[in-house]
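Derivation of every value follows stated rules applied to the coordinates shown; laboratory data play no part. Nothing here was measured: the structure is a model prediction, and the numbers come from that model. We place every Cβ from the backbone using ideal geometry, glycine too, and count neighbours over all the protein chains shown.
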Amino acid sequence: METLETIKNRRSIRKFKADPVDDKTLNIILDAARLAPSWSNTQCTRFIVIRSTEIKNALADSILAHPELGNNPATKGIRAAPVVIVAIAEKGLSGYFNGKPATNKGDYWYMLDVGIAMENLVLAAADLGLGTVHVGLFDCSKVEDILKIPENYCVVEMTPLGYPEYQPTPRPRKVLEELVYKEEFGKK
C-alpha cells in the first residue's frame, strides 16, 4: 500500500482475531517506529512488547473509565490482542541541551517524540494488514509498576496489535478549509 493510501485507510481497531503476530512482522513494525525522527536525534523512545495474557490483563485493568463515556473499549482490545506494545520515554533527553530544558516545554518534548514513533508504528502495522489503536487514558503509575519501569523513564502510550476482526467504516473528517489558516489564526 502506498503511504497516503495507508494514512487514508487506517482505522482504530479494538477487536482482534486470535491469530498470532510472528516475530518477523513485529520487527518490521518496530523498526518503522525506531526510524522516527526525534529531538536532536535523542531517540528517547523505548518499546516493551507484551504477549503474556497475565500482563495484558493487568494493563487492561490500568485503563481508566471516562467520566462521560464509561468503560473504555480499548480495555477489551488490550486483553484480546495477541500483542500489546507499550511506549516509554527516557526522561531528560528530548527537549534538553546540556542537561537543561531548551524551551519552556522541555520537560514534555518526549511526548512528541513518542507520538511520532507510535504513529510510524501504527501506520506500518496498517500497511501490513494489522490493527492498532492509540491508548493513552490509563493509570501511568500502575503501568510503570506492572512493567518495572525505572524512575528515569515514563510510560506514554500503549497499543494493542493484531489482525482486525472487522474493518470499521471511515469516520467523518472536517474539510481542509476548516483546519487551515493563512498567515495568521482565523484568516482564510
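Numerical summary
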quantity	calculated
Distant-in-sequence amide H partners of Lys91 (H built 1.01 Å from N, under 5 Å)	Tyr153, Cys154
With eigenvalues of the C-alpha gyration tensor scaled by 5 and rooted, segment 3-179, Å	26, 21, 17
Size of charge dipole - the chain - debye, nearest 20, with Cβ of Lys, Arg +1 and Asp, Glu -1, no other charges	340
Under 5 Å, built H, 5+ apart or other chain: amide partners of Lys17	Tyr163, Glu165
Rel. contact order, % - alpha carbon contacts under 8 angstrom, at least six apart, the chain	32
Under Karplus coefficients 6.51, -1.76 and 1.60, residue-wise ³J(HN,Hα) of segment 20-30 in Hz, glycine/proline x	x, 9, 6, 4, 4, 5, 4, 5, 4, 5, 5
Violating pairs (Cα-Cα greater than 27 angstrom) within the set Lys76/Lys174; Lys56/Lys100; Lys56/Lys91; Lys91/Lys182; Lys8/Lys182	Lys76/Lys174; Lys56/Lys100; Lys91/Lys182
